Amino acid sequence: MNNYFFTKLKNKFDLLISNPPYIATKDIEKLQDEIRFFEPKMALDGGFDGLNFYRNIAKNCKKFLNENAKIPNAPSIVVHSIDKLVNNVFSGV
């Protein structure tokens, strides 16, 4: 995945809101037909473990956020993993 989300940013922000894909590639075929056949695959597929976009956000967001910025929790299915990723990025800050 490229850093497209961050290539256009020039300022720092107080809030980052995002709803990126979070379904593991292997789990897409297991989704309900209403989701699997309606939503574009790129809106669902978060990579091998569902966290590709979250890794990119965690890796790149720091330089675009003000000191006391907030990143609201993501869907509960991935909150624990995302919290772990973000904590690793911000440890030592």
## Note on the structure
Selection over region 21-63 where residues are of a type outside the set (Lys, Arg) and either closer than 25 Å to residue 87 by Cα or in contact (Cβ under 8 Å) with a residue 60 or more places away in the chain (or both) yields a count of 21
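Condition first: open to solvent by less than 60 Å² (accessible area, probe 1.4 Å), of a type outside the set (Gly, Ala, Ser), at pLDDT below 85 and within 19 Å of residue 87 (Cα to Cα). Can you find one or more residues in region 7-17 that meet it? Write out each step before concluding.
Going residue by residue through region 7-17, those that are open to solvent by less than 60 Å² (accessible area, probe 1.4 Å) are 9, 16.
Among the residues that remain, those that are also of a type outside the set (Gly, Ala, Ser) are: 9, 16.
Subset that is at pLDDT below 85: 9, 16.
Applying the additional criterion that residues be within 19 Å of residue 87 (Cα to Cα) yields 16.
Yes - at least one qualifying residue is present in region 7-17.
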### Message
Among the residues in region 27-45, are any open to solvent by less than 60 Å² (accessible area, probe 1.4 Å), modelled with pLDDT of 90 or more, out of contact with any helix residue (DSSP H, G or I) (no Cβ under 7 Å at 6 or more places or on another chain) and not aliphatic (A, V, I, L, M)?
### Response
yes
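The values are calculated or read from the model by the stated rules, or taken from the named source; none is laboratory data. None of these values were measured; they are calculated from a predicted model. No Cβ is skipped: glycine too gets one built from the backbone with ideal geometry, and neighbour counts run over all protein chains shown. When the accessible area is computed, the model is the full protein with side chains, heavy atoms only, and any ligands, DNA or RNA have been set aside. Shrake-Rupley method; radii C 1.70, N 1.55, O 1.52, S 1.80 Å.
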